[in-house]
Amino acid sequence: MQEDSLALLFGSAFISSTIAPGGSEAVLAYMVAAGKQSLAVLVVVATIGNTLGAITTWGLGVFAAKKYPAEKVLSERKQKSIVVLRKWGGWALLFSWLPVIGDGLCFAGGWLRMSIVTSIAAILVGKAARYALIAYASTALV
């Protein structure tokens, strides 16, 4: 039964980090409140699922860039935003955990072909910090 709940958390976290909406934070908070798994296990499972979802979105960006190069499809104003992302590189993906814009950052990271190693590191750190904070806050509510 515990493996099923971890798979649910993983799946929720994965889906939440793709273009589809999800509620992995609520799933994590519920599981923390249930107290059947250690916080560390829950945070690791959620982080891995969410990171893999973000990498999938990053890969979709790589795929899109082959057909739609940024320089050809973006207005001049939006190209200025791209300059900012290129300046920060993959480290901009530290903010991939943010609602609404996080998925767009991951997609843009792939579209701009930012370093996959730096991108994964930044995504992992940002998402782990967010899930650790959610888990900690959830213990305070129990």
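Quick note: the coordinates plus some simple rules give every number you see, no bench work behind them. As the structure is a computational prediction, the values presented were derived from the model and not from experiment. In this analysis, Cβ positions are derived from the backbone assuming ideal geometry, glycine residues included, and neighbour counts consider all displayed protein chains.
Rounded if a/c is under 1.5, else prolate if a/b is larger than b/c, else oblate: which is the range 1-71, with a ≥ b ≥ c the root eigenvalues of its Cα gyration tensor? Note, shape of the range 1-71 comes out prolate. Relative to the longest principal axis of the Cα atoms of the chain, the long axis of helix 116-141 lies at roughly 30 degrees.
Taking other C-beta atoms within 10 Å as the exposure proxy, F107, F63 rank F63, F107 from fewest upward. Once the Cα atoms are used to define both axes, helix 39-67 deviates from the longest principal axis of the chain by about 20 degrees. Computed over the chain with a Gaussian network model linking Cα atoms closer than 10 Å, the most mobile of G53, G23, G102 is G23.
How large is the dipole of the range 2-141 about the Cα centre if only Lys and Arg carry +1 and Asp and Glu carry -1, each at its Cβ, rounded to the nearest 20 debye? Each step should come with its number before you reach the end.
Values: 12 positive and 6 negative charges, 141 e Å.
Dipole magnitude for the range 2-141 comes out near 680 debye.
Result for the chain in a Gaussian network model with C-alpha springs under 10 Å: among A65, A13, A34, the largest mean-square fluctuation is at A34.
Just checking the listed ones, S12, S119, S38: in the Gaussian network model of the chain with Cα springs under 10 Å, the one fluctuating most is S38. Nearest 10 degrees, 0 to 90: what angle lies between the long axis of helix 24-34 and the longest principal axis of the chain (Cα atoms)? The angle comes out at about 10 degrees.
Here are labelled values, (1) 1.00; (2) 1.12; (3) 1.26, and one is the computed Cα Rg over 2.2 N^0.38 Å for what I pasted. Which one? Matching entry in (1) 1.00; (2) 1.12; (3) 1.26: (2).
Restricting to Cα pairs below 8 Å that are 6+ residues apart, what does the relative contact order work out to for the range 2-141? Please round to a whole percent. Numbers along the way, then the final one.
Details: 190 pairs, mean separation 41.9, N = 140.
Relative contact order for the range 2-141 comes out at 30 percent.
Annotation: extensible slack from L133 through L8 equals 43.0 nm (criterion: 0.36 nm per residue apart, minus Cα-Cα distance).
Helix-derived [θ] at 222 nm for the chain: sum -39500 (n - 2.57) over DSSP H runs of at least 4, divide by residue count, nearest 500? Display every interim value, and only then the final one.
Numbers: 7 runs with 109 residues, N = 142.
So the calculated ellipticity at 222 nm is -25500 deg cm²/dmol.
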